[in-house]
Structure formats: structure tokens, C-alpha cells
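The structure under discussion appears below in the form of C-alpha cells.
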Amino acid sequence: MARLAPHRILLNLLLDSALAGLALPLALLLASPGEWPPAAWWLGGIPGAALALALAGLPVRLSQQYWRFAGLRDLLGIAGAALLGALIFWGGLLALDAWRPGNPAFPVLHALVLGLLLGLPRIAGRLQQTRHAAEAEASAQPVLLVGTGDAADLFIRALAGERRPSYRVTGILSMRSRQAGRRIQGHPILGTAEDAAAILDRLRAEGRLPALIVLATPHAQGPALESLLDAADRHGIPVRRAPSVTTLDPTATRHTAAPLDTPRLQLRPVAIEDLLDRPQVPLDRDGMARLVQGRRVLVTGAGGTIGGELARQVAALGPAQLTLLDHGEYVLYEIDLELRERHPELPRRAVLADIRDEGRIRRLFEEIRPELVFHAAALKHVPMVENDPLEGLLTNALGTRVVADAARAVGCRAMVFISTDKAVNPTSVMGASKRLAEMYCQALDMAARSGEPAPGGTAHPAMRCVTVRFGNVLGSTGSVVPLFRRQLERGGPLTVTHPDMRRYFMTVREAVGLVLQASVIGAEDRADQPPELREGGIFVLDMGKPVKIVDLARRMIRLAGLRPEEDVEIRFTGLRPGEKLYEELFHGQEPPRPTHFPGLLVATPRTADPALVGRAIDEIAAAARSGTPRAALAQLGRLVPEFDHNADGAGSRAAQ
């Protein structure tokens, strides 16, 4: 809790009392020049005037005002306190039947003089502060502000509240065209953010180019932000974001005891996520709550990027129990600790287990009996799986089958399988192994919808298997964005495998929200359910347009305030084993079909009998355990005929 400054308040009280004592004789001289009270009257009159002002100042907290930061509200408070203090003093004279001037206008004159004496030093303090600010502003960095009227106003006010401001606003770019030509606190609105290129050109010609562009609004995103960054980059001007609105609010910190030299305007870099500008997709939150609330939920791979976000969003929906499963001790500890702090009342269990251990997984599922399983555990790094393909096959294919079979055996309502765009026309073992897992889950789901018994004759054929496929998520473990950030911290170079490489990107929160949406649609019998699901359809997230990795690298360098190829080198290293130039979300024989739900598409790739796929996975697992990768990969190629293995990184038909 913030502490008051009693010595400052006491000093204000003493100064105001002295001014109240000075106002009394001045008011008497103005009211009745020929009349003067007896000497004894002053012994009570001066203290009485000071006491009357102290009482009148309590409602407006007169003694707590910062004189050099006095504003219109403070001056109005002074006027009210002066009027009330004069009336209290006059009332005291009447009540005590003490000497009083004959002029009935004395209370009014007393209030005017008192208000003037109280206001003048505060106005002088404010002018002195403004003068110091103007002197300091001369050495401050000139900035061009981008934001709406309210956002720009808050930033300027916060800047004015600093003793030694680091920035001075030279102009404003509005988000709306109808504001152009107007002024905010004396600063001209030069145009809109869309006009940034022309405005910067004009300012350069006039010799008034700003040193920095500050985004004071969170609404500058996507193509508009990219256009602004391009315009700034042409002139070598860095772009930064202002603090949040609550931080900028001057009323939030006016009476705190924070050091005056501590800057509140600590600007931060523009995040690469801001450039995606993916529109907010409306989600069926009620349906999600209906699916999760009161049910036992298990998340595999809970320590990973997708699994961890799934655990967070599921925990917020109120499951009866949440089981977090991962084979990594530290990442499991981290997500468990986070959920314990965020949702202490949630029944939760963290389990260290390997999804490839069939006996352990079956015993665990029989004990927990989950009603909803989100299967996010996988080996996902393409070059790493190429180095150890058998591990990828055992985890991604066999592990998925183990989890699906165990879930079905205990009567699980639905299992949601997280797949990848690398499963389409795969050129890597990772992608082909995930495609094989897709095939098994598709087959199980078709069997459940048709009422056929599960492989092995289990008594619970009704479990739905919902498969969701999407591309890269920004900032995920092992992805290119954290890699570029680490390389930038070391001063470069940024390594890109090929100048034409493209990838799909979305934020992890958006991806997981759409996974939950797909889960609601796939797990329930709905009238608006896509008919393709009965044929083994796979949900595919609408990833937007693919992004060139080299453009992403250049943008991250610029966002760091550096220049590509000049300050930081971009080095092309060549395709790695298993990589493609272009990822695909749909196979040529599985054209995308729209659904009634924004952000979700559905595909119907080739499917097979679950028993057949299950036996093939067992054969691949046997070959993997015996250490014969050639036999395992040959069987994988027979099951996934579109698998065009780019084993040496030289390229393949899918990479052309």
C-alpha cells in the first residue's frame, strides 16, 4: 500500500494557513478601508481564518495538492475551499457576536482574496514546471505519435507529468481521417497512419524528421502496421509501443510516493504477433463449457506450447478434474505450478509418463477414466526426427494409437488429436508419422459414427476421434521466432534455410481456441455438423496466407531497431533433411470444404480400416524397436504412398 508523505502535507497546511492569515487584513482593507478591528480581535481572527480554511479544504484535500502539477480541477477546488472558508469565518463571527466590518460584501471579498492568494503560488509552480519541462524538452527525442484522440491525449499528459521527459511530441498521426488538421494539447494532427509515407517524406524535406514513432493505440496492427513500419524503415526511424492506458493515466500516480525521476513512459518493441492482425473469430464459448464443464479431462504433452495452452483454456472452463501428462519433468512442473496459482480450487493431477508405454497408459486411463482427451504429445521438430526417425515413429504413430486405444477402452467421450500441416504430402518422417496417426484416428472416428465395434472388440465403440490440423504457432518451442530472437540477442546472423521458404503462422491462443471449437463440433451430434466428418473428415484451421521466412527475419530485425544486411546479416543455409519450401494444409485429393464456423475448414483425406492401420503401426513399431529403420520406413511408405522422403535436404516434388 502506498504511504502518504506527512511532511509534505504538513508543509502545505502551514503555507495555506499563512496565506489565509494574510488574506484576512487584505479583505478588510478592501471591504472597509476606514474600519479596523481592535488589537485583541486579531488574536482570534487570524487563527480562526486559518482554521476555517483547513475545515473548508478537507472535502477537496487542499493540503494534499501538488502545487507544481496543479490543474483546472485543483483550481476549482481552491475556489470552492476559499468560498466555504470565508463563509465559515463569517458564520463564526456572527455566532460569537464578535466585531465584524459593516460592509455586507465582506464574505465575498474575503473569498476572492483568499482564492487569489491560494491560487497564485500554485499557478506560479505550474508555470515553473512548464518552463523546466520546455527546457528539458529541447534535449528530448522528437517523436511522432500514432493513435486516436484519447490515446494521444493520455500519452501527452503522461509525458507532461515527467520531470525530465525523454520524448517530445512533434506531431500526431490519427487512425481516423476526419481528425486531420486539428490539434491535441497544441500538437498538430498531421494526417492518418495510412499517410505515414508521404508525411515522413515531407518532414524529411523540412528537416523535422522524428527520431522515433510511438504507437499509442493497440489498434495499429496487421497490414496498416506493416505499411507504417515500411514507411518508417525507409527513413531509418524505429517504431515502439507506448505503455498500457492504465499506466499512462496521470490520475493513477499523481498522489503516490514514487520517485519523481522514475519514468512511466517505458516504451516497448512492437511484437511480431502484431503483424498477423488475424480477425477475432467468434467462438462457441457456451459449447466449450458444455463439453468440458464437470468432466474428467486429460491433456497429453501438457508441458509443450500447444498442450500447455490447451491446459490453461480447459482449466478456465471448469472441468471436474484435469490430468496433465508429459514425459518431461521440468515442463510438467512449470504448467502444474502455473495452474495451481491460477486455479487453486481445480482438482488437478500431474503425471510423468511416456505415451509409448502401453501398459502404463492403460493402467493410468483405467484409474483416471478420462471423459475427454486432448492428445498434443508428439515429436515435432523435423530435423531432429530425421536424425532419429525410429523415435518419431514410436512417439507420433504408436504413441497416438496407444492413447486412442486406452481412451476408447475406458469409454472416453472424445479424443482430440492435434496434427500438423506437415502431414500433407509429407517429405519428412515427422510429417509421415503424423499422417499415419491421422489415418488411425480417422478410421476410429468412422467406426464410432457407424456403430462398428472397435479393434480388439472393446465394449465402447462410441468414442469420437476429432483430428485438427494446423501450421506453425508463433513463439512455440523450437519454432523460428524464438530462434531469431536468440540470434538477434547475439548480434546475428539470422539463419534462413532458403529465400523462398514459406510457412503458415497463427498465435497459440487462437490455434487452441479453434481446436476447442472443433472439439465441440466433432464431439457432439449437431444438425450443423459438416457431413464430411462421417467420412473421416479432418478439421483444418484457416491459417490465412503463408509468410516468407526471410521476410519474417527482416521484419524482426527492423522491429529490433536494426537494419537487415547492414546491422544484422541474413544467412541462407540450405534446406535441411525432411524440409519443404512450401507447407500445405490440404492434399490435392482432399479439397477444403467450408464449415458454418469461422476459422474452420474440413478435409476428407484417404482413410483405411482401423484394424489394418493398427496392424501396420504395430509392424512399424516392431521394426523400430528392433533397430531396423529401413524396414520401418518401407512400411511407412506403403501406408502413406504420398510420402516423398527428402532425406538429404536436396528437395523433392513437394518442395518445388
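The values are calculated or read from the model by the stated rules, or taken from the named source; none is laboratory data. Note that the coordinates shown come from a computational prediction; the quantities given were computed from them, not determined experimentally. With ideal geometry, Cβ positions are generated from the backbone for all residues, glycine too; neighbour counts draw on all protein chains shown.
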Quiz item: Is there any pair linking a residue in the range 607-628 that is over 19 Å from residue 439 (Cα atoms) to one that is of a type outside the set (Val, Ile, Thr), with Cβ under 6 Å and at least six apart or on different chains, and which?
Solution: 623/631; 623/632; 624/390; 624/393; 624/394; 624/632
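One line per residue, one yes/no per condition, for (1) touching a Lys or Arg at 6+ places or on another chain (Cβ under 8 Å); (2) in contact (Cβ under 8 Å) with a residue 60 or more places away in the chain:
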{"site": "298", "(1), (2)": "no, yes"}
{"site": "302", "(1), (2)": "no, yes"}
{"site": "320", "(1), (2)": "yes, no"}
{"site": "328", "(1), (2)": "no, no"}
{"site": "331", "(1), (2)": "no, no"}
{"site": "337", "(1), (2)": "no, no"}
{"site": "344", "(1), (2)": "no, no"}
Practice problem: Write out, first by first residue and then by second, each pair whose Cβ atoms fall under 8 Å of each other, whose residues are 6+ apart or on separate chains, and whose first residue, in the range 93-109, is within 18 Å of residue 52 (Cα to Cα) while the second is in a loop (DSSP other than H, G, I, E, B) and aromatic (Phe, Trp, Tyr). | Solution: 93/99
Practice problem: Please work out which one of (1) surrounded by fewer than 19 Cβ atoms within 10 Å (Cβ to Cβ); (2) over 21 Å from residue 291 (Cβ atoms); (3) touching a helix residue (DSSP H, G or I) at 6+ places or on another chain (Cβ under 6 Å) is the condition residue 534 fails and give its number. | Solution: (2)
Quiz item: In the range 31-55, which residues are assigned to a helix (DSSP H, G or I) and within 12 Å of residue 98 (Cβ to Cβ)?
Solution: 40, 41, 42, 43, 44, 45, 48
Exercise. Would you mind finding the one in 337, 379, 352, 324 that is within 27 Å of residue 431 (Cα to Cα), out of contact with any His (no Cβ under 6 Å at 6 or more places or on another chain) and surrounded by fewer than 18 Cβ atoms within 10 Å (Cβ to Cβ)?
Key: 352
Exercise. Those residues that are crowded, with 19+ Cβ neighbours inside 10 Å and either in a loop (DSSP other than H, G, I, E, B) or modelled with pLDDT under 80 (or both), I need them from the range 138-155; list them, please.
Key: 147, 151, 152
Exercise. Look through the range 548-587, keep the residues that are surrounded by fewer than 21 Cβ atoms within 10 Å (Cβ to Cβ) and acidic (Asp, Glu), and return whichever of them is modelled with the lowest pLDDT.
Key: 584
Practice problem: Being crowded, with 18+ Cβ neighbours inside 10 Å and within 13 Å of residue 171 (Cβ to Cβ) is the filter here, so list the residues in the range 200-240 that pass it. | Solution: 200, 203, 210, 212, 213, 214, 216, 237
Exercise. Return the pairs, sorted by first residue and then second, in which the second residue is outside any loop (DSSP other than H, G, I, E, B) and aromatic (Phe, Trp, Tyr), the first residue lies in the range 198-215 and is assigned by TED's automatic domain parsing to the domain that holds residue 146, the beta carbons are less than 8 Å apart, and the residues are 6+ apart or on different chains.
Key: 212/167; 214/155; 214/167
Exercise. Please go through the range 588-613 and pick out each residue that is crowded, with 20+ Cβ neighbours inside 10 Å and in a helix (DSSP H, G or I).
Key: 610, 613
